[in-house]
Amino acid sequence: MDYLDTPVDDLDVPVDDLGRFPGVDAFYEYRGEPGSDDGPPIWLPVQQGDVFREVSIPGFEEPGSEALAMVFMHPCVMRKGAVLADHITVFRVIKKTTKKRPYERFATTYSAIPLPELLGPESGVYAGEFQIVGTVTGAALDRSNRVMSLSKEGRLLLQQRVVHHFTRHIPPLHDLRNRTRGVEREVELLTDWCEAACGTRGDTNDVVAEAEKEFDEYLSAGDRRDRLRDEDSTNTVVADTHGEIRRRY
């Protein structure tokens, strides 16, 4: 069955109330084969909305499938210090059609986040299915199997659609943007830190793990993390952190 033939979940909610798709290039930060120029680099922190292959979700085994899974958990709860939590909530990602379809054509399927051209321009349409949800170990999310990372705008659209699916409330994107600004700043600094570490020490999982530990120790010292999320002091913390990155790497 073509994805366009699937029934909508709730015709009472106007499509225009949900955020508009910004286009493929603005929706994805990285997408492609791991290790390629287009794929997510190893130093990129695991984020909400990332898609990994070869992830087995208990209770949803599908022989012959690509076993794609999307990270559902927010960065605030997916980590214990510098490492991923023992249990991570994910959605199953399923291919819906081999045809090239625009996001808007299936925006009314509210139980999923459409993922057009997930694996490239000719890859058709996939979807992160909110009703096929499970828990996997943090170790199951191998960065060498990560095929996609959303942009900041893409994560906002994911969050909005998830909230709407579970509550039928549509939070405005600007509210989500304001509420997640501090977390996004921290992730951006962590990204800069890990990229610099890999540039000096090499692109390996061990280097990334050590860099993430060092970053967490640095940001946890004193009140840096709280100050980063305070609009009055965030610029100072960002500047100090970039200075520390230059000093170390």
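Go through Thr89, Thr98, Thr108 for me and flag whichever is farther than 30 Å from Ala221 by Cα and out of contact with any helix residue (DSSP H, G or I) (no Cβ under 7 Å at 6 or more places or on another chain).
Details: Thr89 fails: farther than 30 Å from Ala221 by Cα; Thr108 fails: out of contact with any helix residue (DSSP H, G or I) (no Cβ under 7 Å at 6 or more places or on another chain).
Matching residue, one of Thr89, Thr98, Thr108: Thr98.
Listed here are the helices (runs of 4 or more DSSP H) enclosed by the range 176-249 that have at least 3 residues being touching a Leu at 6+ places or on another chain (Cβ under 6 Å) and more than 17 Å from His74 (Cβ to Cβ): 234-248. Within the range 57-85, residues that are modelled with pLDDT of 80 or more have Cβ atoms under 6 Å from residues that are in a loop (DSSP other than H, G, I, E, B) and small (Gly, Ala, Ser) in these pairs: Met78/Ala85, counting only partners at least 6 apart in sequence or on another chain. Any residue at all in the range 87-100 that is surrounded by fewer than 18 Cβ atoms within 10 Å (Cβ to Cβ), under 30 Å from Arg225 (Cα atoms) and among the basic types (Lys, Arg)? Within the range 87-100, not a single residue is surrounded by fewer than 18 Cβ atoms within 10 Å (Cβ to Cβ), under 30 Å from Arg225 (Cα atoms) and among the basic types (Lys, Arg). Scanning the range 123-153 for residues that are in contact with a strand residue (DSSP E or B) (Cβ under 6 Å, 6 or more places away or on another chain), outside any strand (DSSP E or B) and of a type outside the set (Ser, Thr, Tyr) yields Gly124, Gly138, Leu141, Asn145. Within the range 131-146, is there a residue that is touching a Leu at 6+ places or on another chain (Cβ under 7 Å) and surrounded by 21 or more Cβ atoms within 10 Å (Cβ to Cβ)? No, the range 131-146 has no match at all.
Could you name every one of the strands (runs of 3 or more DSSP E) located completely within the range 27-97 that has at least 1 residues being over 25 Å from Trp193 (Cβ atoms)? Give the derivation first.
Details: elements: 28-31, 68-71, 87-97.
Filter on the range 27-97 gives 68-71, 87-97.
Taking the range 182-219 as the range and being under 18 Å from Ser149 (Cα atoms) and among the basic types (Lys, Arg) as the test, only Arg185 passes. Filtering Glu217, Glu212 for residues that are of a type in the set (Asp, Glu) and under 18 Å from the mean Cα position of the chain (by Cα) leaves a single hit, Glu212. Filtered by the rule that a residue be of a type in the set (Val, Ile, Thr) and in contact with a Pro (Cβ under 7 Å, 6 or more places away or on another chain), the range 179-203 gives Val183, Val187, Thr191.
This table checks each residue for (1) of a type in the set (Lys, Arg); (2) at pLDDT 95 or above; (3) closer than 22 Å to Thr241 by Cα; (4) touching a strand residue (DSSP E or B) at 6+ places or on another chain (Cβ under 7 Å).
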position	(1), (2), (3), (4)
His169	no, no, no, no
Asp175	no, yes, no, no
Asp192	no, yes, yes, no
Ala197	no, yes, yes, no
Arg201	yes, yes, yes, no
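For the range 20-38, a residue qualifies if it is at pLDDT 95 or above and over 20 Å from Arg101 (Cβ atoms), and the qualifying residues are Glu29, Tyr30. Filtering His169, His164 for residues that are surrounded by 18 or more Cβ atoms within 10 Å (Cβ to Cβ) and not in a strand (DSSP E or B) leaves a single hit, His164.
For the range 202-212, indicate whether the set of residues that are of a type in the set (Asp, Glu), touching a residue at least 12 places away in the same chain (Cβ under 8 Å) and surrounded by fewer than 17 Cβ atoms within 10 Å (Cβ to Cβ) is non-empty. Walk me through it before giving the result.
The first filter runs over the range 202-212 and keeps only residues of a type in the set (Asp, Glu), leaving 203, 206, 210, 212.
Now drop any that are not touching a residue at least 12 places away in the same chain (Cβ under 8 Å), which leaves 203, 210, 212.
With the extra rule that they be surrounded by fewer than 17 Cβ atoms within 10 Å (Cβ to Cβ), the set shrinks to 203, 210.
Yes, the range 202-212 has at least one match.
The values are calculated or read from the model by the stated rules, or taken from the named source; none is laboratory data. Owing to the predicted nature of the structure, the values given are computational and were not obtained by experimental measurement. Heads up, the Cβs are rebuilt from the backbone with ideal geometry, glycines too, and the neighbour counts pull from every protein chain shown.
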